[in-house]
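Report on the structure given below.
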Amino acid sequence: MTTVEQTHTTHARQEPRRGVPRHVAIIMDGNGRWAQERGLPRTFGHDAGTENIRRIVRAAVELGIEYLTLWAFSTENWNRPADEVQTIISLIARSIERELDELDREGARLRHIGSLGGLDPQLAGAVIGAIERTRDNDRIVLTLAFNYGGRAEILHAVKRLLEDRVDPTTVDEALFAQYLHTHDLPDPDLIVRTAGEFRFSGYLPWQAVYAEYWSAPVNWPDFGANELREAAAVYARRVRKFGGLAPGSTEEAQEPS
Ligand code: IPE
Ligand code: IPE
Ligand code: MG
């Protein structure tokens, strides 16, 4: 306990660093390929991929990233063979159990997006316990997306709006965003997908509209601190316009006619 408290005192959040994405969301892809390239069963790749999370959280903290959102299991991943699904779910449960002390010491506040419904109650309980235990940490917000699908999230929001009998004339983007799992997170600035893929597969469809995108050519277990730094460096060179003009542009914004 003492160690945790002492560590927390050193965890005052730093000023956001110039050019550093505040919220990075990663599609951790390529575990199966990583294993297959080594002649190993796919489950070894999931094991190596889960181990990699610790390394990337640490690297993200060092870079000054404030929000890190990692996609570990999609609603569509239930379509995989039952034994692979079982392995992935057990690895998530085991890593929460094993890593919680260390994450707490690092000042990480845990979040979950996706549905806990339909999961093993012990796992759901462990997630809720981890969120509760780390709720006052303020160095990085680590959101685990599992049993997460973008369409499922939007449908869930629509159902809750209807259940609340919200007056349609009051529904705007800000209100709708309050009904999403990410209601207390800023939109991602940078989405990274590993394994050289160029698709979103349903990741944060509402939230990622103005995110920058980077496809890393390595499988997730090989994505280390250098690769994260590279993604952040690419991001720092991008010009974000949000539908307007580039900052510093000499042209005057046109008044709507
Ligand atoms: C990512 O790796 C982990 C999950 C989707 C659960 P994959 O298992 O998708 O690996 P590949 O894409 O088959 O190599
Ligand atoms: C997306 O990867 C989901 C996660 C990384 C958890 P998939 O491997 O499931 O995506 P597709 O099927 O190749 O699009
Ligand atoms: Mg994949």
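With the convex hull of the Cα atoms taken as the outline of segment 8-101, the averaged projected area works out to 7.5 nm². Note on segment 142-215: with charges restricted to the Cβ of Lys and Arg (+1) and Asp and Glu (-1), its dipole about the Cα centre is near 340 debye.
About its Cα centre, the dipole of segment 23-140 is roughly 120 debye, where the only charges are +1 on Lys and Arg Cβ and -1 on Asp and Glu Cβ. For the chain, adding -39500 (n - 2.57) for each run of n ≥ 4 DSSP H residues and dividing by the number of residues yields -13500 deg cm²/dmol at 222 nm.
Computed with every protein chain present, the accessible area of Arg38 is close to 110 Å² [probe 1.4 Å]. Applying Stokes-Einstein at 37 °C and 0.692 mPa s to the Kirkwood radius of segment 120-257, computed over alpha-carbon pairs, gives a translational diffusion coefficient of 179 µm² s⁻¹. Average projection, convex hull of the Cα set of the chain: 16.8 square nanometres. Placing unit charges on each Cβ (+1 for Lys and Arg, -1 for Asp and Glu) gives the chain a dipole about its Cα centre, and among Leu228, Val239, Ser90 the Cα reaching farthest toward its positive end belongs to Leu228. Rg of the Cα atoms in segment 67-167, relative to 2.2 N^0.38 Å, amounts to 1.17. For segment 23-237, the solvent-accessible area with a 1.4 angstrom probe is 48 square angstrom per residue. Once all protein chains are placed together, His156 keeps about 80 Å² accessible to a 1.4 angstrom probe. Choose one of Ile128, Gly150, Val218: the residue whose Cα lies farthest towards the positive end of the charge dipole of segment 23-237 (beta-carbon charges +1 Lys, Arg; -1 Asp, Glu; about the Cα centre). The listed residue farthest towards the positive side: Val218. Charging the Cβ of each Asp and Glu at -1 and of each Lys and Arg at +1, and nothing else, the dipole of the chain about its Cα centre rounds to 440 debye. Projecting the Cα atoms of Pro41, Tyr67, His112 onto the charge dipole of the chain, computed from C-beta unit charges around the Cα centre, puts Pro41 farthest toward the positive end. Rolling a 1.4 angstrom probe over segment 156-257 with all protein chains present gives an accessible area of which 52% lies on carbon and sulfur atoms. Ordering 119-132, 136-149, 42-55 by mean Cβ neighbour count within 10 Å, with the highest value first, yields 136-149, 42-55, 119-132.
The values are calculated or read from the model by the stated rules, or taken from the named source; none is laboratory data. Treat the numbers as computed from the prediction; the structure is a model and nothing was measured. Using ideal geometry, Cβ is built from the backbone for each residue, glycine included, and neighbour counts are taken over all protein chains shown. SASA here: full protein model, heavy atoms, side chains in, ligands and nucleic acids out. Shrake-Rupley method; radii C 1.70, N 1.55, O 1.52, S 1.80 Å.
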